[in-house]
Amino acid sequence: MSIFTQYFSAPSDADAAKLLEDGPEGVIPEANQVILFSILPVVEMDQLEAILSGVATDDSPTGGRMVAEQDGGRWVWGLNEGLRAHLTECSLDELVASADPWSEIDEFWGGMDPDVATHFLLELRVLASKATAANHNLYCWVCL
């Protein structure tokens, strides 16, 4: 079973929830999306925030909140603001350095290619920066 995930920004939970049925494609400009299969917004993003912040996942906030759900097969998940802040406030060197340990977390079932992880994190950083500038939040649309 494939899991399709699209990260995007929106002004509010209500606006993000409107995208539950078909996702952000065609509604949110492509420049305000990051698409990558199977990077879930909960555990994987918790792990990323822990690496960026230096705070263990047991001691940090959860990866966000459920914004909308459809029959257990589609979700819109709001990412926590701490992750957005860490993505935009860390240095580029810190972000690139975080890709290696993040690519090796257990949730990636044996690891993700560190180059793919770096590319995703750089795109996510751009998305987080645009969201911050527009006073938007970060979200993830998940489809099974």
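The stretch 116-144 and the stretch 84-104 have Cα centres separated by 13 Å. Applying 1/(1 + (r/R0)^6) with r as the Cβ-Cβ distance of residue 17 and residue 130 and R0 = 22 angstrom yields a FRET efficiency of 0.60.
Our helix-only sum for the chain, with -39,500 (n - 2.57) per DSSP H run of n ≥ 4 divided by its residues, gives a mean residue ellipticity at 222 nm of -12000 deg cm²/dmol.
Which value, in debye to the nearest 20, gives the size of the charge dipole of the chain about its Cα centre, when Lys and Arg are +1 and Asp and Glu are -1 at the Cβ?
Numbers: 6 positive and 24 negative charges, 97 e Å.
Dipole of the chain, to the nearest 20 debye: 460 debye.
This ranking places 15, 106 by how few other beta-carbon atoms lie within 10 Å of each, fewest first, which gives 106, 15. Compute the angle between helix 114-133 and the longest alpha-carbon principal axis of the chain, please, reported from 0 to 90 degrees and rounded to the nearest 10. With rounding to tens, the tilt is 60 degrees. The mean sequence separation of alpha-carbon pairs under 8 Å and at least six residues apart, normalised by the residue count of the chain, gives a relative contact order of 38 percent. Taken one residue at a time, the phi angles of the stretch 90-99 give Karplus couplings (6.51, -1.76, 1.60, θ = phi - 60°) of 6, 6, 4, 4, 5, 5, 4, 5, 6, 5 Hz. Gly and Pro are set to x. How charged is the neighbourhood of residue 141? Take every other residue with its Cβ under 12 Å from the Cβ of residue 141, and add Lys/Arg as +1 and Asp/Glu as -1. Neighbourhood net charge equals -2.
Each other residue within a Cβ distance under 12 Å of residue 127 adds +1 if Lys or Arg and -1 if Asp or Glu, for a net charge of +1.
Values quoted throughout were computed directly from the atomic coordinates according to the rules given, and no laboratory measurement underlies them. From a predicted model like this one, the values you see are computed outputs, not experimental measurements. Using ideal geometry, Cβ is built from the backbone for each residue, glycine included, and neighbour counts are taken over all protein chains shown.
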